[in-house]
Amino acid sequence: MIPDPGELDAIIDRALAEDTVGSDATSLALIPPTLEATVSIVTKQPGILAGLHIADAVFKRINPDLQFVYRLQDGDRLTTGQTLATISGSIASILSGERTALNFLQRMSGIATLTDLYVSAVDGTNASIVDTRKTVPGLRRLDKYSVHIGGGRNHRMNLSDGVLIKDNHIAALRSTGNTLEQLINEARATAPHTLKIEVEVESVEGAISAASAGADIVMLDNMDPDDMRSAVAQISDQCIVEASGGVTLANVAEVASSGVDFISIGALTHSPMALDISLDYETKIT
């Protein structure tokens, strides 16, 4: 799920260019180029760690001579005050990359932490927590990697990963006179045979129709738990059932208790709270 080295370099280069790291006016004015130090990356709150190797890559992109020592690994459960890593070398290089590295690390750990909360909330049920494509443009692979680290599963990476017939597709094709079954048959005949066909519905009747029409997955969109239970009881032997829309930490356990197989949650990546992580100066070493 992590980008290949070329894609990761491009992501980091865009972030560093945004900060004009090579023209850090403060460091250029105040920090002697020969001054070296050791600093620590420290978490100020509990959570799940994700993106430490991205932070490492940021600092190495600025200065390959920096020494990045891992104290923990992605997926570790954090407690307040833990040191995640130490960095030694040119303090000017470290300070220039501080914000860029922490931006990646805080967001990714925030996503992993939020995902872990949802996964824990449905523990003991058959439901899996999955993400959506509601990600930061250009950072989808990092966002979805973070969901994976938090214990969630990944939905489509992009539009080519599956057929998802939503209400707007049906509305746009209504004038053709095709039935839902005909749309599913057309999709199955045209799309690669390896792809599953999913249909979004908003009622129990719609779920029954989609399952009867041959959908591999039926997405119950913004349905209340009682209707979800009714739909699951009638179609779960025909297809995979997914719940989506309006799911929060307060109601996810009730949604899971309806018997759905998957619960997709856009908030995992569109509304995470960044984990509070900072870079602390330790010691001058030369």
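The values are calculated or read from the model by the stated rules, or taken from the named source; none is laboratory data. Values in this document were obtained by computation on a predicted structure and should not be read as measured data. Quick reminder, even Gly has a Cβ in these numbers, built from the backbone with ideal geometry, and neighbours come from all protein chains shown.
Scan (1) surrounded by fewer than 16 Cβ atoms within 10 Å (Cβ to Cβ); (2) over 27 Å from Gly259 (Cβ atoms) for the single condition Asp161 breaks and write down its number. Every condition holds for Asp161 apart from (2). You will find that of Ala171, Ala187, the residue that is at pLDDT 90 or above and of a type in the set (Gly, Ala, Ser) is Ala187 and no other. In summary, helices (runs of 4 or more DSSP H) completely within segment 1-65 and bearing 3 or more residues that are crowded, with 17+ Cβ neighbours inside 10 Å occur at 5-18, 52-62.
Run down Arg153, Arg188, Arg141 and say which single residue is of a type in the set (Lys, Arg) and over 28 Å from Ala15 (Cα atoms). None of the other options fit; the residue is Arg188. Residue pairs whose Cβ atoms lie under 7 Å apart, separated by 6 or more positions or on different chains, with the first residue in segment 46-57 and within 13 Å of Tyr145 (Cα to Cα) and at pLDDT 95 or above and the second aromatic (Phe, Trp, Tyr) and part of a helix (DSSP H, G or I), are Gly51/Phe104; Ile54/Phe104. Set side by side, the residues Gly138, Gly110, Gly151 differ, and just one is part of a loop (DSSP other than H, G, I, E, B), under 17 Å from the mean Cα position of the chain (by Cα) and under 25 Å from Thr43 (Cα atoms), which is Gly151.
Of all the listed residues (Glu254, Glu242), the sole one being modelled with pLDDT of 95 or more, surrounded by fewer than 17 Cβ atoms within 10 Å (Cβ to Cβ) and either under 24 Å from His148 (Cα atoms) or under 28 Å from the mean Cα position of the chain (by Cα) (or both) is Glu254. Here Gln73 passes the criteria (1) in a loop (DSSP other than H, G, I, E, B); (2) buried (at least 19 other Cβ atoms within 10 Å of the Cβ) except the one numbered (2).
Taking Gly151 as the residue in question, decide whether it is touching a helix residue (DSSP H, G or I) at 6+ places or on another chain (Cβ under 6 Å), of a type outside the set (Ser, Thr, Tyr) and not assigned by TED's automatic domain parsing to the domain that holds Thr20. Judged against the criteria, Gly151 is a match. Screening Ala112 with (1) touching a His at 6+ places or on another chain (Cβ under 9 Å); (2) modelled with pLDDT under 95; (3) small (Gly, Ala, Ser) gives one miss only, at (2). Taking (1) surrounded by fewer than 16 Cβ atoms within 10 Å (Cβ to Cβ); (2) modelled with pLDDT of 95 or more; (3) not small (Gly, Ala, Ser) in turn, Phe262 satisfies each apart from (1).
Of everything in segment 1-19 that is modelled with pLDDT of 90 or more and of a type outside the set (D, E, K, R), the residue that is farthest from Ala57 (Cα to Cα) is Ala17. Just checking, does segment 206-219 include any residue being under 26 Å from the mean Cα position of the chain (by Cα), surrounded by fewer than 16 Cβ atoms within 10 Å (Cβ to Cβ) and modelled with pLDDT of 90 or more? Taking every residue of segment 206-219 in turn, none turns out to be under 26 Å from the mean Cα position of the chain (by Cα), surrounded by fewer than 16 Cβ atoms within 10 Å (Cβ to Cβ) and modelled with pLDDT of 90 or more. Just one of the numbered conditions (1) surrounded by fewer than 20 Cβ atoms within 10 Å (Cβ to Cβ); (2) over 30 Å from Ala85 (Cα atoms); (3) among the small types (Gly, Ala, Ser) is not true of Ala274: (2).
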